[in-house]
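What follows draws every value from the coordinates through simple rules; no lab data is involved. A quick note: this is a predicted structure, and the numbers were derived from the prediction, not measured. Counting neighbours? That spans all protein chains shown, and the Cβs are built from the backbone with ideal geometry, glycine included.
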Amino acid sequence: MSYYKDLGGNIPQHYDKIMGFNDWPEPDKFQKLVSYKGASFNKQYKKKMYSFVPCKVGVGGMNGFERVKLIQRELPWISDKLTQSFKVTLSSISKNIEIWKKIREVVREQGCLEGVRMFYSEV
């Protein structure tokens, strides 16, 4: 079963392999996978926002790094009390841009860079 086709080609071709989709059971008629298209660095949303993941340059055998800490004191839009649920907050595009900029600032303050291009490689 190829989930690549089911997701409308919105995922990288190797994503099937990375996620192990071929080992997943055949979906029933009620299961559905959803793919959301993000804003890339080269095609920013409103020329202000793009998708990124926190990253650090690996040095001397570095194998990972600590997670970026997002705390409510700095980001009042988040909650650190919900461990198994989600919080819904009404927002606007201008508010979303403000939130995105603050998260990017916190990521940078904690010594991380913005990873905007990922490559899959079998090592």
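Past the 26 Å Cα-Cα mark, which pairs from LYS17/LYS101; LYS56/LYS102; LYS37/LYS102; LYS17/LYS81; LYS17/LYS102; LYS56/LYS81?
Details: LYS17/LYS101 33 Å; LYS56/LYS102 19 Å; LYS37/LYS102 22 Å; LYS17/LYS81 35 Å; LYS17/LYS102 34 Å; LYS56/LYS81 28 Å.
Exceeds cut-off: LYS17/LYS101; LYS17/LYS81; LYS17/LYS102; LYS56/LYS81.
Starting from the amide H of GLY115, placed 1.01 Å from N in the peptide plane, find each other amide H under 5 Å away whose residue is 5 or more places distant or on another chain.
Counting only residues 5 or more places away or on other chains, the set is VAL53, CYS55.
Relative to the compact-globule scaling 2.2 N^0.38 Å, provide the ratio for the alpha-carbon radius of gyration of the stretch 38-123.
On the way: Rg = 15.1 Å, N = 86, 2.2 N^0.38 = 12.0 Å.
The value comes to 1.26.
Once you place label points 7 Å from the Cα toward the Cβ at MET118 and LYS95, how far apart are they in nm?
2.9 nm
By the scheme Lys and Arg +1, Asp and Glu -1, what is the net charge of all other residues having a beta-carbon under 13 Å from that of SER92?
+1
Provide SER79, SER94 in ascending order of the number of other Cβ atoms located within 10 Å of each residue's Cβ, fewest first. Let's see the in-between values first.
On the way: SER79 13, SER94 10.
Going from sparsest to densest Cβ surroundings: SER94, SER79.
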